[in-house]
Structures are given as structure tokens and as C-alpha cells.
Amino acid sequence: MDTYQTARNHESPTQSSPTSPNLYPRAYLPASSEPPSSSKPAEQVVWLIFGATGHLGRSICHVALARGDCVTAVGRNLPGEEVVMQDWHQMCQGLVCDVRIRDTISKVFSRALEHWGKIDVVVNCTGYGIIGACEDQDEHEIRAQFETNLIGAANIFQLTLPYFRERGSGAYIVFSSTAGTLGIPGLGPYCAAKWAIEGLAESLMYEVEPLGIKVTIVVPGLSRRDGPDEDLNGPAPMWGHFLLKPPADAYRATNSPAQHATRMIDWLKYKEPTSAVRIAEITWELGHSKHPPLRLFLGSHAVEAIRDRLKSTIEEIEDWKYLNFKGEDEEGVGVARAGG
């Protein structure tokens, strides 16, 4: 049944009309992206959101539903989870899957298409990490992080792209992290997986842009839970996608660099800087923009952290560029010579 046509004409008493001039109180994206505005209101779209039970995923669901869109919210494939995913909203379909298992993604995608009749935007908010020193994490733990963060994303891309290619349009919004650009002590394998997803998504963008398909990598800063989660079946867990592994003796000292991620969590209890609601509002604009950016850094923490990293890299290039010269017997090969 194609319920998209029915849902688009049904408006709850507390829900703003998609064409309401008050629906876009503030635009976050630049005009060059052509986001929705009061003069150019958004058309209703259908979202497929993986990782909808995390606080960012839930906030995106809430904003999209409040602004008149249709949503298939996909949670984790855990016992009893599909029951929990029901009755979030009259325009929300609740499903579950395990992104590591391709068949579960295929079933979710098929059920969403059958329910709405189309899908316009695919969002991947899934994530899994272990906080602990690189040496302390075993092969199983490292593989689990790559299977969820990288292989899961690749599965989503490969199983949904044929549909977008056939229709000649569609958008992917992929959530990365500052960990996708920075090496963070205590989060080594998680960082490695996030670096990998950035490379995958950027490569994909170049491949599918000629086909009318858009890809945006969202890099949020450390975010606080400030959304009305109670409207979507209760509060979301604070760190539900991370596990804390007890350190070995070599890394147990509180001032150890390997304890940095643990100290960061303690700091976040009181100083989470970036609003999940604002991230969700910008994500909604991305889903409705004609020219979304490839990469979007959100929050001062993300901007400053990435800027410092790039500055450090440029300084290193300047410091070591003298190695790149033509020696007596080389053709442009960088050679370090003792004594200058």
C-alpha cells in the first residue's frame, strides 16, 4: 500500500504545515546550497534513518516528522526492539535491522518502499565504539567496530543505490565524527573505522554525482541530548553506542594518554557543547537542499578541532618539504641526507 499520498495530506493538530512561514525560523546552510525557505518551501520527502534510536537519530526523526515529512526509523535488531519502535508518530514507520547483515537491510528497504511508495533520503547514524587503548582491544572487538561502522555503511550504500540510480535522484547523509579526522587516544579502532567511512563516502560522492545522487558527510562535534526525546518513546541512552573496556596496568594511570577518551566522557557530563536539535535541523535542511555540501562540520568543537589538525598538517609539510628535492642521482625523489 502506498501510504505516502495519504500521509502527506494528513496533518496532526499540533503539527505545522510544510508551507507555514514559521516553519523555517532560521536557515543554517548557506544560500548556495538552496535550502528551504519561506519563499521556497520544502516539498514533503520520505526519510529512511538507520540508527534512529541514538540521540542524534531520534532528534532527526523528531524534526523531520514535526516539519511534515514521512520517516522510516530503523533501530537495532535486538529482542523486543521492534515493539519499542512502534507508535512513535502517525507518519513514522518503525523497523529494526542489523546493518552488518545485508538481508536485514534489504528487508527494511523493501518494507519502507512498500509502505511509502518511495524513499528520498537515506541517513546513516549507526555507530559502535570501544573506549580503550589500542593494545587492550582484541581482534574480535576491532572487527566488530569495523563491521558496524564501515561494512554496515557499505551494505546500506550497495543495497539502496540501485533504486536511486533507477530513479535518477536521491540523497545520502552519512554521520561521521571528529574521530574520522583526528587520532584520539583511547579510541584508536573507532577512529580507524571512522576514517575509513569518510574515504568510502567521499569516493562514493564522486561516483554517483553524475547519476543525480547526492552524498553529504556530517561531522558533528560532541553533542548534548537536548531534544524532546520523551515524544519518541522515552529518553535515549547517553552512551549507548560505546563500551568502556577496563585498561591494562600499562594504561591504568589517570594521566595516561590512553585514558583521554574516558576523561572526555567525564568532562562531557557538564559541558556537552553542540546541540543535537540544531544538528537535526541542519540535517533536515540537507535532505531538502538542491546543492548540499560534501562535508559539513557542525559545532565549534568540530570546527576548531579539525582546523587545528589541518594547521598542524600544513606546518609539518612546511617543516619537511626540504626533503622533496632532486638529488644528484634522483629524479624528484625525496631523500634525507645526513649533514644537510
Next item on the list: Would you point out which residue out of L182, L161, L211, L200 is within 26 Å of A112 (Cα to Cα) and within 17 Å of the chain's Cα centre (by Cα)?
Entry: L200
Note to self: Restricting to region 100-133, name every residue that is under 19 Å from C61 (Cα atoms), in contact with a Gly (Cβ under 7 Å, 6 or more places away or on another chain) and either at pLDDT below 95 or not aliphatic (A, V, I, L, M) (or both).
What the structure shows: D120, N124, C125, T126, G127
Notebook entry, point to check: What number goes with the only condition from (1) touching a residue at least 24 places away in the same chain (Cβ under 8 Å); (2) within 25 Å of H55 (Cα to Cα); (3) not acidic (D, E) that R143 does not pass?
Noted result: (1)
Margin query: Need pairs with beta-carbon distance below 7 Å; first residue farther than 17 Å from E166 by Cβ and within region 193-212, second acidic (D, E); sequence gap 6+ or separate chains.
Written below: none
Margin query: Looking at region 293-315 only, could you name the residues that are part of a helix (DSSP H, G or I) and over 15 Å from T181 (Cβ atoms)?
Written below: S300, E315
Notebook entry, point to check: Quick check: anything in region 203-226 assigned to a helix (DSSP H, G or I) and at pLDDT below 95?
Noted result: no
Checklist line | Selected residue [within 17 Å of the chain's Cα centre (by Cα) and surrounded by fewer than 21 Cβ atoms within 10 Å (Cβ to Cβ)] from E147, E166 | finding: E147
Margin query: As an exercise: evaluate K194 against (1) outside any loop (DSSP other than H, G, I, E, B); (2) buried (at least 24 other Cβ atoms within 10 Å of the Cβ); (3) touching a strand residue (DSSP E or B) at 6+ places or on another chain (Cβ under 8 Å) and give the number of the one condition it does not meet.
Written below: (3)
Item checked: Subset of region 102-134 (residues that are free of Cβ contacts under 8 Å to residues at least 40 places away in the same chain and either within 26 Å of A42 (Cβ to Cβ) or surrounded by fewer than 17 Cβ atoms within 10 Å (Cβ to Cβ) (or both)) -> D103, K107, S110, R111
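For every residue, the table says whether it meets (1) touching a helix residue (DSSP H, G or I) at 6+ places or on another chain (Cβ under 9 Å); (2) modelled with pLDDT of 85 or more; (3) crowded, with 19+ Cβ neighbours inside 10 Å; (4) in a loop (DSSP other than H, G, I, E, B).
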residue	(1), (2), (3), (4)
P246	no, no, no, yes
A253	yes, no, no, yes
Q259	yes, no, yes, no
I279	yes, yes, yes, no
T283	yes, yes, yes, no
Next item on the list: Collect the residues in region 80-99 that are farther than 13 Å from L65 by Cβ and at pLDDT below 90, keeping them in residue-number order.
Entry: G80, E81, E82, V83, V84, M85, Q86
Checklist line | Residue under evaluation S38, criteria (1) buried (at least 16 other Cβ atoms within 10 Å of the Cβ); (2) at pLDDT below 90; (3) in a loop (DSSP other than H, G, I, E, B), criterion not met | finding: (1)
Notebook entry, point to check: Quick check, is G152 touching an Asp or Glu at 6+ places or on another chain (Cβ under 9 Å), under 26 Å from A258 (Cβ atoms), in contact (Cβ under 8 Å) with a residue 12 or more places away in the chain and not hydroxyl-bearing (S, T, Y)?
Noted result: no
Notebook entry, point to check: Looking at (1) under 17 Å from the mean Cα position of the chain (by Cα); (2) in a helix (DSSP H, G or I); (3) of a type in the set (S, T, Y), which is the one condition that is false for T126?
Noted result: (2)
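The values are calculated or read from the model by the stated rules, or taken from the named source; none is laboratory data. Small disclaimer: the values here were computed from a predicted structure and weren't measured. Glycine gets a Cβ as well: all are built from the backbone with ideal geometry, and neighbour counts include every protein chain shown.
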